[in-house]
Amino acid sequence: MDLDLRKVRYFTAVAEQLHFGRAAESLHIAQPVLSRQIRALEKDLDARLFERDSHGVTLTSAGRQLLDDARHLLATADATRRRVLRAARGPRRLVVGFRAGVVVTGALRAFGAAHPDVEVKARRIEWDDQEQLVLDGTVDLAYVRRPIREQGLTLVPLFSESRVAMLPGDHRLAGKRELVLADLEGEQWLRYSDPGPDDLPIRTIEEKFECVAAGTGITLVPQSVAEQYSRPDIAYVPVLDAEPDQVFLAWEAGRGAPLISHFARIAQEQG
């Protein structure tokens, strides 16, 4: 039996909140209706997905597996819907995501010359949404940097580049020609994920500038960022033993669209 995506959405809401009442409210349906849909899904799958007792709701092992798969399944369905609507409303389009520092102009021009009937767009993406924007169809493919959550993606390595320390302009090491990681021991490093309750995660290069210039901390960035972004109150110094930054081209696994394949070939040729 084919999976009913509506039931999977209902299941995901309950699984993420572990509360039928709150899940029903978020879905704008009555709780008895939600309970019936979950029981129907369990019958379809011939597996119990939740344990319900006086202490609340917990996922079974089958439920945990379905939740892992459901997020990718629903993202793929949403991406398909978005691409179909986009095609119905106008000319064919290819949207390419890119991280700060990555230059995509040459690849976009080469692809556009080969496909004059296709509208080519570029969209800046950040470290915390690079995978999701590919999986939900916001971009068709993207230049991404490690770390990467690889589930559901096809990844093609393109190039690597050295990394440099981003320091306040008046930092004690700002005038050095080069550094090693040991020179940076004891420094305060910027935090990007798992912020405290009163913190916001640092997402963009502009936010990094402000934090570093203010003396909040230092960070490492790819060499291309240093080449493209400059400020008088920011200094960049090469760090010789820092792990290189790797850039990949990513698109949804299993999606074999000819336009994506052609763009991937161009991106690999240009490196």
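The values are calculated or read from the model by the stated rules, or taken from the named source; none is laboratory data. A quick note: this is a predicted structure, and the numbers were derived from the prediction, not measured. So basically every Cβ, Gly included, is an ideal-geometry build from the backbone, and we count neighbours across all protein chains shown.
For residues that are more than 8 Å from the chain's Cα centre (by Cα) and either without any contact (Cβ under 8 Å) to a residue 24 or more places away in the chain or assigned to a loop (DSSP other than H, G, I, E, B) (or both), tally how many sit in segment 126-143. Full working, then the answer.
At the first step, the residues of segment 126-143 found to be more than 8 Å from the chain's Cα centre (by Cα) are 135-143.
With either without any contact (Cβ under 8 Å) to a residue 24 or more places away in the chain or assigned to a loop (DSSP other than H, G, I, E, B) (or both) added as a condition, the list becomes 136-140.
Residues flagged as more than 8 Å from the chain's Cα centre (by Cα) and either without any contact (Cβ under 8 Å) to a residue 24 or more places away in the chain or assigned to a loop (DSSP other than H, G, I, E, B) (or both) within segment 126-143 amount to 5.
Out of all the residues in segment 209-218, is one or more under 21 Å from the mean Cα position of the chain (by Cα) and either within 26 Å of Asp140 (Cα to Cα) or surrounded by 13 or more Cβ atoms within 10 Å (Cβ to Cβ) (or both)? Give the derivation first.
Step one: list which residues in segment 209-218 are under 21 Å from the mean Cα position of the chain (by Cα), which gives none.
There is no residue in segment 209-218 that is under 21 Å from the mean Cα position of the chain (by Cα) and either within 26 Å of Asp140 (Cα to Cα) or surrounded by 13 or more Cβ atoms within 10 Å (Cβ to Cβ) (or both).
From the residues in segment 141-154 that are surrounded by 15 or more Cβ atoms within 10 Å (Cβ to Cβ), out of contact with any helix residue (DSSP H, G or I) (no Cβ under 6 Å at 6 or more places or on another chain) and not hydroxyl-bearing (Ser, Thr, Tyr), which one is nearest to Gly106 (Cα to Cα)? Steps first, please.
Taking segment 141-154 and keeping what is surrounded by 15 or more Cβ atoms within 10 Å (Cβ to Cβ), we get 141-145, 148, 152-154.
Next, from what is left, pick out any that are out of contact with any helix residue (DSSP H, G or I) (no Cβ under 6 Å at 6 or more places or on another chain): 143, 145, 148, 153-154.
Remaining after also requiring not hydroxyl-bearing (Ser, Thr, Tyr): 145, 148, 153.
Numbers: Arg145: 19, Ile148: 24, Leu153: 24 Å.
Filtering first and then ranking leaves Arg145.
For segment 81-102, give me the residue count where each residue is within 29 Å of Gly271 (Cα to Cα) and either in contact with a Gly (Cβ under 8 Å, 6 or more places away or on another chain) or part of a helix (DSSP H, G or I) (or both).
The total comes to 1.
Tally the residues that are surrounded by 13 or more Cβ atoms within 10 Å (Cβ to Cβ) and either closer than 11 Å to Lys7 by Cβ or not polar (S, T, N, Q) (or both), restricting the search to segment 49-63.
6
Of (1) among the polar types (S, T, N, Q); (2) out of contact with any Phe, Trp or Tyr (no Cβ under 8 Å at 6 or more places or on another chain); (3) more than 18 Å from Tyr143 (Cβ to Cβ), Thr58 satisfies all except one. Which?
Going through (1) among the polar types (S, T, N, Q); (2) out of contact with any Phe, Trp or Tyr (no Cβ under 8 Å at 6 or more places or on another chain); (3) more than 18 Å from Tyr143 (Cβ to Cβ) one by one, Thr58 breaks only (2).
Could you check segment 11-28 and list, in sequence order, the residues that are over 14 Å from Leu59 (Cα atoms), surrounded by 15 or more Cβ atoms within 10 Å (Cβ to Cβ) and touching a residue at least 12 places away in the same chain (Cβ under 8 Å)? Break it down into steps so the answer makes sense when it comes.
At the first step, the residues of segment 11-28 found to be over 14 Å from Leu59 (Cα atoms) are 21-28.
So of that shortlist, the ones also surrounded by 15 or more Cβ atoms within 10 Å (Cβ to Cβ) come out as 23-25, 27.
Selection gives Ala23, Leu27.
Which one of these is assigned to a loop (DSSP other than H, G, I, E, B), among the β-branched types (Val, Ile, Thr) and over 17 Å from Gly137 (Cβ atoms): Ile38, Ile29? Even if it seems obvious, please write down each step before you answer.
Working: Ile38 fails: assigned to a loop (DSSP other than H, G, I, E, B).
Going through Ile38, Ile29 in turn, the sole match is Ile29.
Go through segment 67-104 and report how many residues are of a type in the set (S, T, N, Q) and over 21 Å from the mean Cα position of the chain (by Cα). Break it down into steps so the answer makes sense when it comes.
Residues of segment 67-104 that are of a type in the set (S, T, N, Q), as a first pass: 76, 80.
Imposing the further condition that a residue be over 21 Å from the mean Cα position of the chain (by Cα) reduces the set to none.
Result for segment 67-104: 0.
Of all residues in segment 29-44, which are surrounded by fewer than 16 Cβ atoms within 10 Å (Cβ to Cβ) and either closer than 11 Å to Leu3 by Cα or not polar (S, T, N, Q) (or both)?
Residues satisfying the conditions are Ile29, Ala30, Pro32, Val33, Arg36, Arg39, Ala40, Lys43, Asp44.
Within the set of pairs 6+ apart or on separate chains, which have a first residue in segment 84-104 that is among the basic types (Lys, Arg), a second that is modelled with pLDDT under 85, and C-beta atoms under 7 Å apart?
Pairs found: Arg93/Arg86.
Which of the residues that make up segment 219-271 are of a type in the set (S, T, N, Q) and either on the phi > 0 side of the Ramachandran plot or buried (at least 16 other Cβ atoms within 10 Å of the Cβ) (or both)? Write out each step before concluding.
Narrowing segment 219-271 to residues of a type in the set (S, T, N, Q): 219, 223-224, 228, 230, 246, 261, 268, 270.
Scanning segment 219-271 gives Thr219, Gln223, Ser224, Gln246.
Being in contact with a Ser or Thr (Cβ under 9 Å, 6 or more places away or on another chain) and of a type in the set (A, V, I, L, M, F, W, C) is the filter; apply it to segment 74-106 and report the residue that is surrounded by the fewest Cβ atoms within 10 Å (Cβ to Cβ).
First pass over segment 74-106, keeping only residues in contact with a Ser or Thr (Cβ under 9 Å, 6 or more places away or on another chain): 74, 79, 82, 95, 97, 100-103.
From what's left, of a type in the set (A, V, I, L, M, F, W, C): 74, 79, 95, 100, 102-103.
Values: Leu74: 16, Ala79: 21, Val95: 19, Ala100: 19, Val102: 23, Val103: 13.
For segment 74-106, the residue satisfying everything is Val103.
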